[in-house]
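The values are calculated or read from the model by the stated rules, or taken from the named source; none is laboratory data. Being a predicted model, the structure only gives us computed values, none of them experimental. Cβ: placed from backbone, ideal geometry, glycine included. Neighbour counts: every protein chain shown. These accessible areas exclude ligands, DNA and RNA; they are computed on the full protein's heavy atoms, side chains included. Shrake-Rupley method; radii C 1.70, N 1.55, O 1.52, S 1.80 Å.
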Amino acid sequence: RRRIAGKDGPRLRHPVERLDAVELEPAMLEASHFFDELNGKPLDDPRVRVIVDDARSYLANTRERYDVIISEPSNPWLSGVANLFTREHFQKAREALAPGGRLLQWLPLYATDPDVLRAILAALRSEFPYVYGFVLDRAVPDLMLLATTEPLDPSDVPGFESLPPAVRSGLYRVGTRSTAEIWSLLRLLPEDIDALIAGFPVTNSDDNLF
């Protein structure tokens, strides 16, 4: 199992047991070294396993079970990317999660019209009974969709002072400095997701790629 949550200093910032990084384009691995001074050279950490593969193919074939899957492909309206936002892909992600595991899906909202958003939300909701929408940067139109098979409890959103120093430092970097500001990042509850997709006839899937 992999736990996404390291050590201060160089390499990974938090005490994960293991982290698998799946990247389709080898040139991205080379390009990452331009940011070594900022990111602490995470690919040099022995806990990181780099897998050069298509993420969808990997999830469909792996026998691993993950505590957390973080998906950050390119924008869904780009050629070759839409199938990472389909019901079938979300099904494979759910099947690759350990019991109690969570999927975190990045979804950019710029250049994404409301119907596209609803089609993707419908696809995610069809595989996960609970979907929550968070923002990371209040000035950037992106959503972080947290999908789970069990509802979140208020205790799942911890108080700022109870967080490890490395986590607080990371939140400082994105302008979040208090418990109230952590809670302010939560913008959509499962019932809000259901209201957005209610009556919408399209679910983004492999056979329509809406």
- [ ] Using the 2.2 N^0.38 Å rule of thumb for compact globular proteins, work out how the range 1-125 stacks up: its C-alpha Rg over that value, please.
- [x] 1.12
- [ ] Evaluate Rg over Rh across the chain, taking Cα atoms for both radii and Kirkwood's formula for Rh.
- [x] 0.95
Task: the range 7-73 - percent of accessible surface contributed by carbon and sulfur, probe 1.4 Å - done: 55 percent
Task: Accessible carbon and sulfur surface of the range 119-210 relative to its total accessible area, %, 1.4 Å - done: 58 percent
Task: Debye intensity ratio I(q)/I(0), log10, the range 130-208, q values 0.26 Å⁻¹ (C-alpha model) - done: -1.35
Task: Gyration tensor (alpha-carbon) shape descriptor, the range 102-157, a/c threshold 1.5 - done: oblate
- [ ] State log₁₀ I(q)/I(0) for the range 159-202 at q = 0.23, 0.27, 0.30 Å⁻¹ as given by the Debye formula over alpha-carbon point scatterers of equal weight, solvent excluded.
- [x] -0.75, -0.90, -1.02
Open item on the list: So if I restrict to the alpha-carbon atoms in the range 28-80, what is the Rg, and what is Dmax, the biggest pairwise distance, in Å?
Closed with: 13.6, 35
- [ ] Using label points projected 7 Å from each Cα along Cα→Cβ, tell me how many nm separate L38 and S126, to one decimal.
- [x] 3.7 nm
Task: Rounded Å value of the spacing that divides the Cα centres of the range 123-200 and the range 72-104 - done: 17 Å
Task: Residues of the chain: accessible area per residue with a 1.4 Å probe, Å² - done: 56 Å²
